[in-house]
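What follows draws every value from the coordinates through simple rules; no lab data is involved. Quick caveat, the model's predicted, so the values are computed rather than measured. Heads up, the Cβs are rebuilt from the backbone with ideal geometry, glycines too, and the neighbour counts pull from every protein chain shown.
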Protein chains: 2
Amino acid sequence: MTVDEPDEMAEQHEPDTVARRGRWRTGERSRRRILDAARALFAERGYDRATVRRIAATAQVDPAMVYYFFETKSRLFTEALALPVNPAEEVAAELSGGVDGLGERIVRHFLDVWDRAPTVEPMLALLRSAPTDERSAAMFTGYIEQEIIARIATVVPEPARLRAELVGSHLMGLLLARHVLRIEPLASTSPDTVATWMGPTLQRYLTDPAPAPDPTA
Amino acid sequence: MTVDEPDEMAEQHEPDTVARRGRWRTGERSRRRILDAARALFAERGYDRATVRRIAATAQVDPAMVYYFFETKSRLFTEALALPVNPAEEVAAELSGGVDGLGERIVRHFLDVWDRAPTVEPMLALLRSAPTDERSAAMFTGYIEQEIIARIATVVPEPARLRAELVGSHLMGLLLARHVLRIEPLASTSPDTVATWMGPTLQRYLTDPAPAPDPTA
DNA sequence: GTCTATAATTAGATAGAC
DNA sequence: GTCTATCTAATTATAGAC
């Protein structure tokens, strides 16, 4: 009963009597189980503390299998982090709606994405690993910078990148507070409510005139 | 020349000729060096990746000394995290100035504190360790919640805690972007400029009327 | 107090049988 | 494809000499 129990996310297949062609090549199932386990554990413990051994145990496969399929922990990390949705494309879609109301659309989009576990986990893994792992930091900042910040910066006034990064920093803080530290009541506040609070703020960062240098200083 | 070079943060003392009473008990110096090194390395690499060996090397003492003084890595962590300033008191001081302009005062305060290395390091250590270390998470959220959020919540309108946490989440995001991920240009933008951008946002969270439930939804 | 030596544990990775 | 066995390296931690 090690690997023969039905995989809960497999669609209906023939009973496992004969190994007819068309059934999964046997390795496929283990490979997927490993990826699922890796995603969960990287998200839960960060890159360093998510050990290959534990990932293998969670996936109910032998540790050696992990290396057989992915060669190295680092590559497993990379593959596991292949996001199930492409934030860049989705952000691009939001941007195509114009800058009017863009702030609120962006908050709503991320709140929605984060509420689907399979999409928030890779982000959490990156966020948790970035501070202590060079690869993760590069991966995280590189991705956020190039695919998200840079795109937003193309549709807002100067200082465009600063505006986009103020938005980004607030969103990262929100992710941290809601999904990592789970600070209440913020963590349990409905996406709608959060969006109505934060939307105008982000909008202000995106489109309001740059503030004059502080006259009181 | 292992431990006899002058400690750069010691005040002027007598030349180290005789061991007169009144000089440091010899262990004090090593103990302090270890704590300084621990603070720096926990902040730089997080709890897991800051190894006792490396802390000892940085402190120019033998690894065994660390265990002699602190018994366990965990206790060293706890002691090292004793914050050099008390954020709670300082936030209280800001709050005593009334809610008018409070948003900008708070940003300026934190930007100022974070620019002094000895005060930002423990915060970074907590921030980096929190996601993967139960102790750190409890330490971090517990402190932030009780000492900062709760105090702010006492002087703003309902929903007071939500308002305070929106402010807090943005500040955490700023800390992450500026000091951990070092996203440019935000990381290099002057505190003045950041304060003029963020101040009105935080002020809005603190004192503006609660937004109506989104009518477009 | 400080250090050497080392035990005990754990992690990433590989070789080779089946 | 899958597993057993094992290697190497790093790390926490301890015992005991000086």
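Averaged over the residues of peptide A:161-171, the number of Cβ atoms from other protein chains lying within 10 Å of each residue's Cβ is 6.
FRET efficiency for the A:TYR67 to A:ASP192 pair, using the beta carbon distance and R₀ = 35 Å, is estimated at 0.15. Peptide B:124-130 is shielded by partner chain Cβ atoms: per residue, an average of 3 of them sit within 10 Å of its Cβ. Between the helical axis of A:191-207 and the longest alpha-carbon principal axis of chain A there is an angle of about 50 degrees.
Rounded to the nearest 500, the 222 nm mean residue ellipticity of chain A from helices alone is -18500 deg cm²/dmol, with -39,500 (n - 2.57) taken per DSSP H run of at least 4 residues. Which of A:TYR143, A:LEU124, A:ILE106 sits closest to the plus end of the dipole of segment A:73-217, meaning its Cα is farthest towards the positive end, when Lys and Arg get +1 and Asp and Glu get -1 on the C-beta? With unit charges placed on the Cβ atoms, the residue in question is A:LEU124.
Going from the fewest other Cβ atoms within 10 Å to the most, the residues B:SER190, A:SER169 appear in the order B:SER190, A:SER169. Take each residue of peptide A:195-202, count the partner chain Cβ atoms within 10 Å of its Cβ, and average: the result is 5. Couplings 3J(HN,Hα) for segment A:156-172, derived from phi with the Karplus relation 6.51 cos²θ - 1.76 cosθ + 1.60 (θ = phi - 60°), are 10, x, 5, x, 4, 5, 4, 4, 4, 6, 5, 4, x, 5, 5, 5, 5 Hz, where x marks Gly and Pro. With its label point defined 7 Å out from Cα along the Cα-to-Cβ axis, A:PRO63 lies at 2.0 nm from the matching points of the other copies, in increasing order.
Going from the residue with the fewest nearby Cβ atoms within 10 Å to the one with the most, A:LEU166, A:LEU127 rank A:LEU127, A:LEU166.
Name the residues of segment A:74-106 whose amide N is less than 12 Å from a point 7 angstrom out from the Cα of A:VAL113 along the C-beta direction? Once the point is set 7 Å along Cα→Cβ of A:VAL113, A:83-95, A:106 turn out to lie under 12 Å by backbone N, inside segment A:74-106.
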